[in-house]
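What follows is one structure encoded as structure tokens, with my remarks underneath.
The values are calculated or read from the model by the stated rules, or taken from the named source; none is laboratory data. None of these values were measured; they are calculated from a predicted model. All Cβ positions, even for glycine, are placed from backbone atoms using ideal geometry, and neighbour counts span all protein chains on display.
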Amino acid sequence: MEKKEPFNITVNNGQHEFSFMPEDAKNLDIVPDGAGKYQIIYQDRSYKAELLDANYLERQFSFKINGIKYTLHIADHYERLVKQLGLHNSGGVKQNTVKAPMPGLVLNIMVAPGQSVQKGDTLLILEAMKMENVIKAAGDGTVKKIATQKGTAVEKGQLLLEME
């Protein structure tokens with residue numbers, strides 16, 4: 001029998017926290033009301049919700065519910081396990097290399113050596129399986145060296161650029 005784990009939901013950076021079992025979603029009455037807008041009925045109360053921003057990778061979502069903005073972070077059991085093992089805290093270790101996450105073709109390089117970048121800035125675009133993958137900076141820094149060229153085929157794990 002599969003053990004069911006709750007999602008831990010943190011609202012507004014810890015202002016509120018609660019757990020939510022996946023099967024509890026069946027008890028929500030959610031009706032789409034336009035692009036990114038929903039009418040929700042929960043415990044005999046009606047709510048108007050609008051999705052403002054969604055970062056599925058980080059499991060971070062911003063909603064406006066009845067006119068008030070809320071930021072939600074949804075932690076699953078894998079994220080809780082990583083925190084319990086102490087693996088979520090990198091201890092300030094800075095990642096100085098950017099490697100290819102998959103084999104592909106370098107379509108475009110968006111930075112140059114000596115250029116300052118901020119976390120989330122686009123570094124380069126890698127085509128893999130007919131899809132363009134945007135490779136972004138993991139943190140703030142300066143581009144030290146570019147180890148590839150536009151139009152070059154790269155293998156998974158191959159060095160693309162160095163940061164400082």
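Observations on the model:
- A count restricted to the range 123-139 and to residues that are closer than 17 Å to residue 162 by Cβ and touching a residue at least 24 places away in the same chain (Cβ under 8 Å) stands at 7.
- Scanning the range 103-157 for residues that are under 20 Å from residue 58 (Cβ atoms) and assigned to a loop (DSSP other than H, G, I, E, B) yields 118, 119, 120, 121, 137, 138, 139, 140.
- Filtered residue count, the range 39-50, keeping only those that are surrounded by 12 or more Cβ atoms within 10 Å (Cβ to Cβ) and modelled with pLDDT of 90 or more: 5
- Near pairs, Cβ below 8 angstrom, 6+ apart or cross-chain, from the range 141-164 (in the same structural domain as residue 112 (by TED's automatic domain parsing) and acidic (Asp, Glu)) to any residue that is crowded, with 16+ Cβ neighbours inside 10 Å and not in a strand (DSSP E or B): 155/100
- Here residue 34 does not fit the description of being at pLDDT 85 or above, in a loop (DSSP other than H, G, I, E, B) and out of contact with any Asp or Glu (no Cβ under 9 Å at 6 or more places or on another chain).
- Taking every residue in the range 65-86 that is on the phi > 0 side of the Ramachandran plot and pairing it with any residue that is at pLDDT 80 or above and part of a strand (DSSP E or B), at least 6 positions away or on another chain, the pairs with Cβ-Cβ distances below 7 Å are 66/47; 66/48.
- For the range 4-57, the tally of residues that are over 19 Å from residue 76 (Cα atoms) and aliphatic (A, V, I, L, M) stands at 9.
- Among residues of the range 102-138 being under 19 Å from the mean Cα position of the chain (by Cα) and β-branched (Val, Ile, Thr), the one that is farthest from residue 156 (Cα to Cα) is 117.
- Of all residues in the range 4-28, those satisfying the criterion of being closer than 16 Å to residue 66 by Cβ and in a strand (DSSP E or B) are 11, 16.
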